[in-house]
């Protein structure tokens, strides 16, 4: 069986052609389906929702936790996780199962690169390159507009925004939207309302909590509560809620390239 070097520098031996895969990462799960490995996935996290077929796969835990007896029952020959919040989970299960931990992308290019790495680990290199080519075609069509100040907030059990080490900040910058937190050297952070108002963003993107029913009325209440009605974004009708009930900006799988980027592009084309 081939040996792989993890981002941490540790080595791990994995099956050459995995047959029973567990994925704790929604982005990795989506990629596996795109590579034709959906029928080999025996377990996913409760937050793996793309594609729709994931609803028929056994849920093995949340984004960062699991029960060992569930994994013992599934007998996976490969478990896939991602760095960041899942690091503790990785440390918990790596002694008993073959686990590969991917590095969380910090840029749009990193999202594409992760597809390549998943293809290598699962022995689907050609399929991964084909998927990469599709993503690069969309990526290369991005049009950058004159720079404006922007702010992104996601409800992840509380308000979260993103600094210079986030693929979200990178994606916005590529389209001419400079995040008000782009000079903060972090992946994510807890925003301060006073800083947001002081920065006076010209465009705001808001992503409600995953699976929640977030109405226009709730958005109006949020805008008033947070003082966003005093920003240039509100005054120019540039506060946008992400579509659907699934994670959107928060999802860094292939659909970030063909769903999120075109959505941002459509908005910037209209307002710039």
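Points to keep in mind about this one:
- Sorted by Cβ density within 10 Å, fewest first, the residues 68, 114, 210: 68, 210, 114
- Debye intensity ratio in log₁₀ form over the Cα atoms of region 1-144, taken at each q of 0.11, 0.17, 0.19, 0.22 Å⁻¹: -0.38, -0.92, -1.16, -1.55
- For region 148-271, the gyration tensor built on C-alpha atoms gives a rounded shape. Its axis ratio a/c (a ≥ b ≥ c) stays under 1.5.
- Secondary structure note: in region 148-271, about 25% of the DSSP beta bridges are antiparallel.
- Shown for 217, 165: other C-beta atoms within 10 Å of each C-beta, ranked fewest to most, produce the order 217, 165.
- Cα centroid separation, region 240-254 to region 141-156 (Å): 14
- q = 0.15, 0.16 Å⁻¹: log10 I(q)/I(0) that the Debye formula gives for the chain, counting C-alpha atoms only: -1.11, -1.22
- Beta-bridge orientation, the chain: approximately 25 percent antiparallel, per DSSP, counting only bridges with both partners inside.
- Sum of -39500 (n - 2.57) over DSSP H runs of 4+, divided by residues of the chain (222 nm, nearest 500): -10000 deg cm²/dmol
- Beta bridge orientation in region 3-138: antiparallel %, DSSP, nearest 5: 25
- Approximating the spin labels as points 7 Å out from Cα along Cα→Cβ, the residue 72-to-residue 20 distance works out to 1.4 nm.
- The residue 198 and residue 52 beta-carbon pair, evaluated with R₀ = 45 Å, returns a calculated FRET efficiency of approximately 0.60.
- Fewest-first sequence of 149, 96 by Cβ atoms within 10 Å of each Cβ: 96, 149
- Take every pair of alpha-carbon atoms less than 8 Å apart whose residues are at least six positions apart; their mean separation over the length of region 3-138 yields a relative contact order of 25 percent.
- Segments 49-57, 241-249 sorted - mean Cβ within 10 Å per residue, highest first: 241-249, 49-57
Rule-based calculations on the coordinates, nothing more; no lab input. All figures in this text were calculated on a predicted structure; none of them were measured in a lab. So basically every Cβ, Gly included, is an ideal-geometry build from the backbone, and we count neighbours across all protein chains shown.
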